Amino acid sequence: MRTLTLFLFILLFSVHIFGQKAMPDVSVKSLDGQSVSVKKIIENKLTLVSFWATWCGPCKLELDHLKDIYPSWQEKYGLQLVAITIDNPRQLSKVAPMIKSKGWPYLFFEDSVGNLKNKLNFQSIPQSYLVNKEGKVVWSNMGYTPGVEIEMEKQLQKAMSN
């Protein structure tokens, strides 16, 4: 019984440590149309990648709620928040005005053709990924409910201690 328990512990630990997948290295575009490698964006930085769209109410709520705590997370954890819109090419003209009107202080990119979204294989937004300094996804969250910021901060603390 003791051997089985030890084996299960080792198995779960190794899945946790070695089961982290790297953030795919594909290109997204800056809002002025320049192609940028995701690897370059997240390189050596603790990064929260948040997928959103102008038509997504919960996405806007999440980005609004994070706006107040983001400066302290930048200071405390060195976090950068990268918001990637999946708006289609026709909707992209709404992105910059919305960012400006909301006063969101994040780095913004667009994935209107779905290169990164398809590699990550998620279906709905908002979808967030916490990526450690080594470029590994250490936590993800689908959807938004008020208070998820508490769990995000726990995951930030965990990522900093590993």
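The values are calculated or read from the model by the stated rules, or taken from the named source; none is laboratory data. Being a predicted model, the structure only gives us computed values, none of them experimental. Heads up, the Cβs are rebuilt from the backbone with ideal geometry, glycines too, and the neighbour counts pull from every protein chain shown. Surface areas here come from the heavy atoms of the whole protein model, side chains and all, with no ligands, DNA or RNA. Shrake-Rupley method; radii C 1.70, N 1.55, O 1.52, S 1.80 Å.
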Exercise. Where residues in the stretch 123-144 are under 14 Å from Ala53 (Cα atoms) and among the small types (Gly, Ala, Ser), which of them is most open to solvent (accessible area, probe 1.4 Å)?
Worked result: Ser124
Exercise. Do we find a residue being in a loop (DSSP other than H, G, I, E, B), at pLDDT below 95 and open to solvent by 30 Å² or more (accessible area, probe 1.4 Å) anywhere in the stretch 151-160?
Worked result: no
Exercise. Counting just the residues of the stretch 52-90 that are in contact with a Phe, Trp or Tyr (Cβ under 7 Å, 6 or more places away or on another chain) and part of a loop (DSSP other than H, G, I, E, B), which one comes out nearest to Ala159 (Cα to Cα)?
Worked result: Leu79
For this session: For Phe122, state whether it is under 18 Å from Pro24 (Cα atoms), not aliphatic (A, V, I, L, M) and not in a loop (DSSP other than H, G, I, E, B).
Result: no
Seminar exercise, completed: With the first residue restricted to the stretch 142-162 and required to be under 18 Å from Gln127 (Cα atoms), and the second required to be modelled with pLDDT of 95 or more and open to solvent by less than 30 Å² (accessible area, probe 1.4 Å), Cβ contacts under 6 Å at 6 or more apart or on different chains are Met142/Gln127; Tyr144/Glu62; Tyr144/Pro126; Gln155/Leu130; Leu156/Tyr77
Exercise. Based on what the data block shows, is Ser27 open to solvent by 40 Å² or more (accessible area, probe 1.4 Å) and free of Cβ contacts under 8 Å to residues at least 60 places away in the same chain?
Worked result: no
Exercise. Counting only residues that are without any contact (Cβ under 8 Å) to a residue 40 or more places away in the chain and either open to solvent by less than 30 Å² (accessible area, probe 1.4 Å) or among the acidic types (Asp, Glu) (or both), how many does the stretch 100-122 have?
Worked result: 1
Problem set entry | Only listed residue being over 13 Å from Ala53 (Cβ atoms) and under 14 Å from the mean Cα position of the chain (by Cα), chosen from Glu153, Glu75 | Glu153
